[in-house]
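Report on the structure given below.
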């Protein structure tokens, strides 16, 4: 008597932010109604998940409109991506290289967006209400309670 073969069901791998962005771009070109939902999903993920150097490159080089660059810069500041190594160094070098193609106004716009996110992040960290909670979570993480 043979036993039935059981297969382990593994959840499908989630696409990276960059892969979802590429899918969105293709759907947008085809005018797919699902493109808007994917647009919202990518923007949501940019607020909640750290980007990789591949994600930054996919978004930045495909769409250099300010809304996407602003979302990427927000993510970089929020997750302190530039201070992670080696990815942070790669991302910083990529952005600096891309900015060489921009005129002075474009460079200034990117720097301004980054500085606004940095300032907002510092204000949030120092806010009595949000800052206290954030500092507590960080201290729990450092000592291994989270």
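The values are calculated or read from the model by the stated rules, or taken from the named source; none is laboratory data. Quick caveat: nothing in here was measured; it's all calculated off a predicted structure. Please note: Cβ atoms are built from the backbone with ideal geometry, for glycine as well, and neighbour counts cover all protein chains shown.
Candidates in segment 106-145 are the residues that are more than 18 Å from residue 78 (Cβ to Cβ) and outside any helix (DSSP H, G or I); of these, the one that is modelled with the lowest pLDDT is 145. Those residues that are over 14 Å from the mean Cα position of the chain (by Cα) and closer than 20 Å to residue 120 by Cβ, I need them from segment 57-91; list them, please. The answer is 66, 83.
Taken over segment 58-78, the criterion of being surrounded by fewer than 16 Cβ atoms within 10 Å (Cβ to Cβ) and under 20 Å from residue 48 (Cβ atoms) is satisfied by 67 alone. For segment 101-111, what are the residues that are exposed (fewer than 11 other Cβ atoms within 10 Å of the Cβ) and farther than 19 Å from residue 58 by Cβ? Scanning segment 101-111 gives 103, 104, 105. Screening residue 92 with (1) surrounded by 17 or more Cβ atoms within 10 Å (Cβ to Cβ); (2) touching a helix residue (DSSP H, G or I) at 6+ places or on another chain (Cβ under 6 Å) gives one miss only, at (1). Where residues in segment 22-57 are in contact with a helix residue (DSSP H, G or I) (Cβ under 8 Å, 6 or more places away or on another chain) and not in a helix (DSSP H, G or I), which of them is surrounded by the most Cβ atoms within 10 Å (Cβ to Cβ)? Residue satisfying both the conditions and the ranking: 51.
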